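**Q** Submitted below is the structure of interest, expressed as structure tokens.
The values are calculated or read from the model by the stated rules, or taken from the named source; none is laboratory data. None of these values were measured; they are calculated from a predicted model. Here the Cβ is made from the backbone with ideal geometry for all residues, glycine too, and neighbour counts use every protein chain on show.
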Amino acid sequence: MLQRPVPQRVEFGRVSVFLGDKNGKYPDGNQVIVEGTDTLAAFDTPIVANHIGPGFDATELVVLGHVHEDHMAGLHRLPKAAVHVHERDLAAAQSWAGLAASYGSSEARLPAMLARFQRDFFYAPRPDAIAYRDGAVWELGGGLRVSAIHMPGHTAGHCVLLVEPEGVAFIGDIDLTGFGPYYGDATSNLGDFRRTLQRLPEIPARVWVTSHHRGVYTDRDRFLHDLAAFAGKIDEREQRLLGWLAAAPQTPEQLVARRLLYPPHIQELWVDDAERRTIAQHLDELLVDGRVQVDGEGLYRLA
């Protein structure tokens, strides 16, 4: 592993945020470490975790806000730590079969995906992972506690982790990036993501930490502004999809080829499958709303 400079560290009381490469831009992420008097806890374990040193390696408790390869990249350093995962993401943490099923990628792509995850993210499953539920609380000592708030959509088990009394909310892959919400996995859900984005401002936080790219927010107005822009990407995608159908009736595969999520130069292994599931969810919503129709040949058109 190539050595990198010690990552930048931002502190909020007993909460430390180690910023990953390019402010945690994928494939890296931002590492949150919470130091109670009884327990040292980490939220997720992105690539940057491998460059922190003893301050990370002493972690006794890992709480995963959700399960994806880039959030497990430091778990190999913590074989004795207790790993807690929301019950709806548990299988994805416990085995490769579970993770592969959560992605829903084509069977033919799975060997290449596994090889890449092992190479680039030090991927290793955690069969010892323990399930938690919405509302779970971890008392870390000294009055410091972590609460899990189930915020699904990105994955079925995606949670926001709130540290009190520090008022720090780790909002995970509600990352407020210009890319917008990602709901392209087999366990993702567009409707759930819409509801999650509506609920997020209700969390009583003073600091918001994203997994990727944006990093740390301490200004609520800026946080709400970027949240609105992030949520707006869903409607932008819907309008783009409607524009394509206004031009001509099309099949889902024709729409997938046009790329709703990713620019054409992105050729990752999972892109076509993610595009397919994302477009399907938008089409399902539009069918229910009566704005599109589909014929017996699978051809979609405006209603």
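**Q** For the structure I just gave you, tell me whether Phe18 is without any contact (Cβ under 8 Å) to a residue 40 or more places away in the chain, hydrophobic (A, V, I, L, M, F, W, C) and more than 17 Å from Ala131 (Cβ to Cβ).
**A** Considered against the rule, which asks whether it is without any contact (Cβ under 8 Å) to a residue 40 or more places away in the chain, hydrophobic (A, V, I, L, M, F, W, C) and more than 17 Å from Ala131 (Cβ to Cβ), Phe18 comes out as yes.
**Q** Also, quick follow-up: Hey, among Val168, Val209, Val146, Val163, which residue is within 15 Å of the chain's Cα centre (by Cα), under 29 Å from Asp21 (Cα atoms) and buried (at least 22 other Cβ atoms within 10 Å of the Cβ)?
**A** After applying the criteria, what remains is Val209.
**Q** Continuing with the same structure: For Gly191, only one of the following conditions fails: (1) in a strand (DSSP E or B); (2) under 17 Å from the mean Cα position of the chain (by Cα). What is its number?
**A** Here Gly191 clears every test but (1).
**Q** Of all the residues that make up region 216-255, how many are part of a helix (DSSP H, G or I), in the same structural domain as Gly184 (by TED's automatic domain parsing) and in contact with a strand residue (DSSP E or B) (Cβ under 7 Å, 6 or more places away or on another chain)?
**A** Number satisfying all stated conditions: 1.
**Q** Regarding Lys80, is this residue surrounded by fewer than 19 Cβ atoms within 10 Å (Cβ to Cβ) and more than 21 Å from the chain's Cα centre (by Cα)?
**A** yes
**Q** Evaluate the following for Asp57: is it assigned by TED's automatic domain parsing to the domain that holds Asp173, closer than 19 Å to Met151 by Cβ and surrounded by fewer than 24 Cβ atoms within 10 Å (Cβ to Cβ)?
**A** Considered against the rule, which asks whether it is assigned by TED's automatic domain parsing to the domain that holds Asp173, closer than 19 Å to Met151 by Cβ and surrounded by fewer than 24 Cβ atoms within 10 Å (Cβ to Cβ), Asp57 comes out as no.
**Q** Let me confirm something: among Thr187, Thr196, which residue is closer than 30 Å to Gly98 by Cα, of a type outside the set (Phe, Trp, Tyr), crowded, with 16+ Cβ neighbours inside 10 Å and touching a helix residue (DSSP H, G or I) at 6+ places or on another chain (Cβ under 8 Å)?
**A** Testing whether each residue is closer than 30 Å to Gly98 by Cα, of a type outside the set (Phe, Trp, Tyr), crowded, with 16+ Cβ neighbours inside 10 Å and touching a helix residue (DSSP H, G or I) at 6+ places or on another chain (Cβ under 8 Å) leaves just Thr187.
**Q** Shifting gears a bit: Checking the condition of a type in the set (A, V, I, L, M, F, W, C), without any contact (Cβ under 8 Å) to a residue 60 or more places away in the chain and either touching a Pro at 6+ places or on another chain (Cβ under 9 Å) or assigned by TED's automatic domain parsing to the domain that holds Val163 (or both), which residue from Ala101, Ala92, Ala49, Ala41 passes?
**A** Answer to the check: Ala49.
**Q** Can you confirm whether region 273-289 contains a residue that is outside the structural domain of His158 (by TED's automatic domain parsing) and not in a helix (DSSP H, G or I)?
**A** Yes, region 273-289 has at least one match.
Residues are listed down the side, and each one gets a yes or a no for (1) at positive phi; (2) touching a residue at least 24 places away in the same chain (Cβ under 8 Å); (3) not small (Gly, Ala, Ser):
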{"position": "Ala82", "(1), (2), (3)": "no, yes, no"}
{"position": "Asp128", "(1), (2), (3)": "no, yes, yes"}
{"position": "Arg133", "(1), (2), (3)": "no, yes, yes"}
{"position": "Gly141", "(1), (2), (3)": "yes, yes, no"}
{"position": "Gly167", "(1), (2), (3)": "yes, yes, no"}
{"position": "Leu176", "(1), (2), (3)": "yes, yes, yes"}
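**Q** Report, by residue number, each residue of region 89-129 that is acidic (Asp, Glu), under 21 Å from Gly184 (Cβ atoms) and modelled with pLDDT of 95 or more.
**A** Asp89, Asp120
Residues are listed down the side, and each one gets a yes or a no for (1) over 20 Å from Leu190 (Cα atoms); (2) at pLDDT 95 or above; (3) touching a Leu at 6+ places or on another chain (Cβ under 6 Å):
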| site | (1), (2), (3) |
| --- | --- |
| Leu255 | no, yes, no |
| Arg259 | no, yes, no |
| Gln267 | yes, no, no |
| Asp272 | no, no, no |
| His282 | no, yes, yes |
| Gly296 | yes, no, no |
